[in-house]
Amino acid sequence: MRSKSILHRRRRSRSGSMMGMVALVGAILLAVCMCGFVISILFTSQHRTEAQADDLVLSMSLQLNRHNWVGQMNNLVESARELVFTSRSVSDEVLQEYPRLSALASRLLEESREAAEFVDKERNHLGFEICYDTQRQAAEFNARRPAPPLFNLPWLKTEALEVRGVELGSVRNVQSSARLPEAIPDLREYDVRRHLANKESNLYFAGDNVALPPPDEDLNFSLSSLPAAVEGVVPSARLTTVDVFEPIGVIFEDGNNYNSSLKRLPSAVRLTASMNVRRSSDETIKPDSVKIQVAGTTRGSGSELP
């Protein structure tokens with residue numbers, strides 16, 4: 001009888017130990033599942049916000065060269081440069097061969113220089129318009145941010161994407177869309193010799209000032225980096241890596257606009273955004289922030305003049 005009682009107690013003890021082990025394993029599995037659920041929420045939130053950032057930077061990129069503004073301005077700048085160069089050549093020839101027409105030649109030369117200055121002013125004005133439009137898109141995106149968290153758990157909250165900074169610039173090693181003049185061999189030779197243009201592609205390099213030879217080097221001719229059409233096919237806007245982005249100016253940062261004067265018109269945007277993650281229900285505790293940075297380049301230029 002006593003041996004049966006001892007055996008019964010041993011069985012109960014083993015059963016209790018087994019139940020405890022099952023409970024422990026169950027608790028561990030539950031904790032693992034909860035950790036996986038939290039990680040899944042974070043990855044889902046980050047993927048969603050990255051997709052939003054991609055869409056926004058593409059929208060901003062498309063607006064940079066809307067209606068081929070940048071491409072047409074490149075063509076205008078190059079045409080104004082040609083006009084000054086040819087006017088200077090004609091003026092020098094007239095002074096030597098037809099001195100009685102020197103007043104007319106000087107007047108035509110001065111008008112070509114004034115036209116070049118006017119084109120440069122309009123280029124600056126277009127740069128301000130592009131800055132304003134891009135800043136407006138950033139402000140409108142932040143204003144539309146939903147107030148409730150994307151995911152709301154007692155111990156975890158992920159907030160909507162917020163634009164923190166916007167830079168305008170270009171993509172490294174992309175030339176301008178302006179072409180070398182075929183009908184002015186002297187200017188073509190000068191530009192190739194001065195490494196202002198690529199002889200193989202017949203395109204000018206992008207530059208803050210593609211200067212003419214003296215005495216017209218005081219005039220400013222700025223050509224923007226912009227893909228040219230290839231056999232009539234215009235390159236489309238696309239996402240690009242942030243590493244190949246070359247900044248021209250910061251126009252938006254931490255809710256503030258910066259209207260910097262751009263040395264040349266932009267063809268790419270780099271966007272910096274953040275997603276706040278709160279690991280506590282206490283709103284006084286500063287949340288963690290997940291940084292997201294993406295870049296996009298605008299569509300290329302056609303060859304048409306304005």
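How do the peptides 265-277, 125-137 rank, highest first, by the average count of neighbouring beta carbon atoms within 10 Å per residue?
So the peptides 265-277, 125-137, ranked by packing, come out 265-277, 125-137.
Give the aspartates and glutamates reachable from LYS199 as a straight Cα distance under 18 Å; neighbours fewer than 8 places away on the same chain don't count.
The reachable aspartates and glutamates, counting only those whose Cα sits under 18 Å from LYS199, are GLU78, GLU82, GLU182, ASP186, GLU189, ASP191, GLU231.
Quick one: the Cα spread of region 164-243 along its three principal axes, in angstroms, biggest first?
45, 32, 16
With θ set to phi - 60° and the Karplus curve 6.51 cos²θ - 1.76 cosθ + 1.60, what are the ³J(HN,Hα) couplings of region 71-88 in order, to the nearest whole Hz, using x for Gly and Pro?
x, 5, 5, 4, 5, 5, 4, 5, 5, 5, 5, 4, 4, 5, 4, 5, 5, 5
Would you mind checking which residues have amide H under 5 Å from SER301's amide H? H placed 1.01 Å from N; only 5 or more apart, or other chain.
Result for SER301 returns ALA228, ALA229.
Size of the dipole of region 57-151 about the Cα centre, Lys and Arg at +1 and Asp and Glu at -1 on the beta carbon, nothing else charged, in debye to 20? Don't skip to the answer; put the middle values down first.
Numbers: 11 positive and 14 negative charges, 113 e Å.
Dipole about the Cα centre, nearest 20: 540 debye.
With N set to the number of residues, divide the alpha-carbon radius of gyration of region 77-131 by 2.2 N^0.38 Å and report two decimals.
1.43
Could you work out the Kirkwood radius for region 55-202, taking every pair of different alpha carbons, averaging 1/r and inverting it, reported in Å?
That comes to 19.6 Å for region 55-202.
Values in this text are rule-based calculations from the coordinates and carry no lab data. Not measured: the values here are computed from a predicted model. As a convention, Cβ positions derive from the backbone with ideal geometry for all residues, glycine included, and neighbour counts pool all protein chains shown.
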